[in-house]
Amino acid sequence: MARREITNSEFAVLDFWKTEEIIIRDTILEDIDRLQEIYMQSRNTEGWTRNEDFTNDYIHNAFIKGNLPPGGMKKYYKIQSMILKKTSKIMGFLEIYLGYPHKDVFYIGTLLFSEDYRNKGYGQEVMTELLDRIGKLGFSKARLGVTLRNWSGIYFWNKLGFNKITKYVGDKVLKNDSFAILELEKNLIV
């Protein structure tokens, strides 16, 4: 059964939300420089993406135009800043898209933390709350892409229940510069 069209007011429940330690809100113009800095830090993370994919205006473009899937519309896209409650410092960002590739699928484009906040349980805290919220909005599945060389990312997402491979995109032969992405899926309806 296909999910009905989500309304702007329903999507608005994700404009500003919290976990125990983190505030997640739509990114504002003043956040862009810090988020770009976090994005550029990730260049050093083995296998996260290809170096040639990094741009000095990634966050600005995402904020203005959206990082949209094929045929996507900006009204279904969000880039959100994650702020540690106890310090009020931006610790990372999240990119999400409603209804790709099907209306009942919630797509997670990026979950990225500054190096200082990685491997401390914050990602699991954010995703547990987010997955609960999107399930209540009526989405039956969540999907995301993770590169094959990002072993810690594959482990993280699998631990959260993203254990179905829905797509493989990439090189057919393994070489030092090979690149491939797995699209992983989690069922939200139990």
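For the reader, a short list of remarks on this structure follows.
- Cα lying deepest toward the dipole's positive end in the chain, options Tyr77, Asn163, Leu111, charges on Cβ: Asn163
- Charge-dipole axis of the chain as Lys and Arg at +1 and Asp and Glu at -1 on Cβ define it, positive-most pick from Leu29, Asn8, Asn150: Asn8
- Given their separation in residues at 0.36 nm each and the Cα-Cα distance between them, Lys89 and Asn8 gain 26.3 nm when the chain is fully extended.
- Scalar couplings 3J(HN,Hα) for segment 102-119, obtained by applying the Karplus form with A = 6.51, B = -1.76, C = 1.60 to θ = phi - 60°, are 10, 4, 8, 10, 9, 9, 9, x, 8, 10, 9, 10, 4, 3, 5, 10, 7, 6 Hz; x denotes Gly and Pro.
- Take every pair of alpha-carbon atoms less than 8 Å apart whose residues are at least six positions apart; their mean separation over the length of the chain yields a relative contact order of 19 percent.
- Under the simplified labelling scheme, the His60-Asn158 pair shows an inter-label distance of 4.0 nm, with each label point 7 Å from Cα along Cα→Cβ.
- The 3J(HN,Hα) values that the Karplus relation (6.51, -1.76, 1.60; θ = phi - 60°) gives for segment 61-72 are, in residue order, 5, 5, 5, 7, 9, x, 9, 9, x, x, x, x Hz. Gly and Pro appear as x.
- Zone residues, segment 111-146, relative to Ile189, backbone N less than 11 Å from point 7 Å out along Cα-to-Cβ: 138-141
- Paramagnetic reach from Trp17 (point 7 Å along Cα→Cβ, amide N under 15 Å) across segment 62-96: 77-83, 94-96
- Basic side chains Lys and Arg get +1 at the Cβ, acidic Asp and Glu get -1 at the Cβ, and with that the dipole of segment 141-190 about its Cα centre reaches some 140 debye.
- Helix-only [θ]222 nm of the chain, DSSP H runs n ≥ 4, -39500 (n - 2.57) each, per residue, nearest 500: -6500 deg cm²/dmol
- Positive-end ranking of Met127, Ser140, Leu94 along the dipole of the chain, with charges on Cβ about the Cα centre, is headed by Ser140.
- In the structure shown, the pairs Lys141/Lys167; Lys85/Lys159; Lys74/Lys172; Lys120/Lys164 are assessed against 22 Å; a Cα-Cα span above that value is assigned to Lys85/Lys159; Lys74/Lys172; Lys120/Lys164.
Bear in mind that the values in this text are calculations on the coordinates, not laboratory data. Small disclaimer: the values here were computed from a predicted structure and weren't measured. Cβ coordinates were reconstructed from backbone atoms using ideal geometry, including for glycine residues, and neighbour counts include every protein chain displayed.
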